[in-house]
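Here's the structure, in structure tokens; my notes come after.
The values are calculated or read from the model by the stated rules, or taken from the named source; none is laboratory data. All of these numbers come straight from a predicted model, not from anything done at the bench. Glycine also receives a Cβ, built like all others from the backbone with ideal geometry; neighbour counts cover every protein chain displayed.
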Amino acid sequence: MTAPVSETALAHEDPLFASLPGDIDVSFEFFPPKSEAMAQTLRNSVEALAPLGPRFVSVTYGAGGSTRERTHAEVVRIQNEAGIPAAAHLTCVAATRDEVDDVARHYWEAGVRHIVALRGDPPTGETRYSQHPGGYANAADLIGGLRRIADFEISVAAYPEVHPDSPHAEADLANLKAKFDAGATRAITQYIFDPECFFRFREQAEAAGLGGEIVPGIMPVMSFAAVQRMSGLCGTAIPEWMAGLFEGLDERPEARQLVSATIAAELCRRLYAGGVRQFHFYTLNRAELSYAICHMLGLRPKGLQ
Ligand code: FAD
């Protein structure tokens with residue numbers, strides 16, 4: 001049987017990953033470990049990814065500030081032991097302004113200069129976010145507080161598919177603008193699977209006069225069921241073809257990993273073709289997938305380039 005012309009043309013185009021110069025900046029996100037075994041996994045992952053020279057790594061903050069100490073410990077440890085600039089995520093949830101300010105001051109005193117400033121999600125058991133009495137109202141308000149404490153570098157969250165609490169895309173963009181105006185220098189997006197969705201968002205942000213850097217968040221899929229659950233909550237669309245690709249792989253972790261790397265690498269390649277040079281990886285504390293994708297994008301351990 002003869003293949004359709006378009007299919008043949010696609011298959012004969014240049015190899016997707018040939019000769020990429022690795023002219024990209026990457027950052028890696030981790031979550032604070034809950035056990036000694038998980039702490040070891042995290043240490044191994046940081047060690048594996050460090051040679052790629054990330055411009056920063058970041059550590060998340062558990063719902064309701066539940067990981068305050070563990071986030072602090074990991075951020076400081078990574079910065080001191082691995083020598084990578086580390087950013088601490090910080091939210092407004094379930095804390096007064098004074099309490100949040102104290103956490104930020106401790107970071108500054110420990111040498112941490114970068115905060116990912118977030119409103120946060122409602123604490124477990126609550127469905128809607130409500131401002132803590134005496135707390136910061138939202139991320140933009142938190143940025144104002146951080147600016148009064150010290151000259152932090154500040155990253156924030158952005159939502160190409162619109163935050164579920166937002167009435168519409170314009171309001172969400174206006175909120176992002178308020179965060180840049182308050183002092184953020186970079187927005188990291190909720191994870192996306194469709195490059196066009198990122199390009200549209202970037203265009204809308206430019207048209208709305210947003211000047212800051214917007215970095216796509218890349219989620220290499222570890223568990224498709226978990227990603228489906230998360231996407232239901234955060235509003236990221238999962239393309240139908242992706243469900244088809246993960247079908248039947250629940251009991252085949254190695255095959256799943258290969259499929260996952262292929263999908264994420266293609267997404268990054270298409271983003272790269274559209275001019276994207278910064279990528280933020282949600283590593284889920286595992287190095288290999290993110291490492292493989294960076295490698296395919298041409299990134300090599302520093303000193304080997
Ligand atoms: P904001 O920017 O404050 O706003 C959220 C929504 O509310 C927006 O849609 C906005 O339009 C609307 N809004 C805000 N203020 C107003 C207002 N005054 N009037 C009307 N609407 C308003 N969560 C954690 O708990 N810990 C983490 O470590 C963490 N890290 C994250 C990292 C990244 C890169 C991303 C993308 C998300 C992260 N989250 C984290 C999730 C985040 O906390 C949630 O998405 C949360 O619901 C919104 O936080 P935000 O900072 O985007 O909020």
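Annotations
- Within segment 36-54, the set of residues being touching a residue at least 40 places away in the same chain (Cβ under 8 Å) and within 16 Å of the ligand (Cβ to nearest atom) comprises just one member, L42.
- Checking each residue in segment 266-290 for being assigned to a helix (DSSP H, G or I), surrounded by fewer than 21 Cβ atoms within 10 Å (Cβ to Cβ) and in contact (Cβ under 8 Å) with a residue 40 or more places away in the chain picks out E266, R269, R270, Y272, E288.
- Of the residues making up segment 148-164, those that are surrounded by 15 or more Cβ atoms within 10 Å (Cβ to Cβ), out of contact with any Phe, Trp or Tyr (no Cβ under 6 Å at 6 or more places or on another chain) and not aromatic (F, W, Y) are I149, E153, I154, S155, V156, A157, A158, E161, V162, H163.
- Within segment 242-262, the residues that satisfy the criterion of being under 22 Å from F28 (Cβ atoms) and surrounded by fewer than 19 Cβ atoms within 10 Å (Cβ to Cβ) are P253, Q257, L258, V259, T262.
- When A139, A104, A86 are checked against the criterion of being within 21 Å of A184 (Cα to Cα) and either among the β-branched types (V, I, T) or within 12 Å of the ligand (Cβ to nearest atom) (or both), a single residue qualifies: A139.
- If you go through segment 165-207 and keep only what is outside any helix (DSSP H, G or I), of a type outside the set (D, E) and within 13 Å of the ligand (Cβ to nearest atom), you end up with S166, P167, H168, A184, R186, A187, I188, T189, Q190, Y191, I192.
- For segment 10-40, a tally of residues being surrounded by 15 or more Cβ atoms within 10 Å (Cβ to Cβ) and polar (S, T, N, Q) returns 1.
- If you check F224, F201 for being surrounded by 14 or more Cβ atoms within 10 Å (Cβ to Cβ) and either more than 26 Å from N285 (Cβ to Cβ) or among the aliphatic types (A, V, I, L, M) (or both), only one passes: F201.
- Residue in segment 115-136 that is within 21 Å of the chain's Cα centre (by Cα) and more than 14 Å from the ligand (Cβ to nearest atom) present: no
- Of note, T67 does not satisfy the criterion of being more than 16 Å from the ligand (Cβ to nearest atom), farther than 15 Å from Y282 by Cβ, β-branched (V, I, T) and out of contact with any strand residue (DSSP E or B) (no Cβ under 7 Å at 6 or more places or on another chain).
- Counted residues, segment 67-81 - those being farther than 14 Å from A104 by Cβ, surrounded by fewer than 21 Cβ atoms within 10 Å (Cβ to Cβ) and of a type in the set (A, V, I, L, M): 1
- Condition check for T60: free of Cβ contacts under 8 Å to residues at least 60 places away in the same chain and of a type in the set (S, T, Y): yes
- Hits in segment 272-305 - residues which are under 13 Å from M219 (Cβ atoms) and hydrophobic (A, V, I, L, M, F, W, C): F279, F281, L284, L289, I293
- Within segment 89-101, considering residues that are among the aliphatic types (A, V, I, L, M) and farther than 18 Å from D165 by Cβ, the one nearest to the ligand (Cβ to nearest atom): L90
- Residues satisfying the stated conditions in segment 143-164, i.e. farther than 20 Å from G232 by Cβ, among the hydrophobic types (A, V, I, L, M, F, W, C) and within 8 Å of the ligand (Cβ to nearest atom): V156
- All positions within segment 165-180 that are under 29 Å from H106 (Cβ atoms) and surrounded by fewer than 23 Cβ atoms within 10 Å (Cβ to Cβ): N175, A178
- Contact map, segment 227-249: residues that are at positive phi paired with residues that are at pLDDT 95 or above and not basic (K, R), Cβ distance under 7 Å, separation 6+ or inter-chain. Pairs shown: G235/E161; G235/V162.
- In segment 227-241, the residues that are crowded, with 19+ Cβ neighbours inside 10 Å and assigned to a helix (DSSP H, G or I): V227
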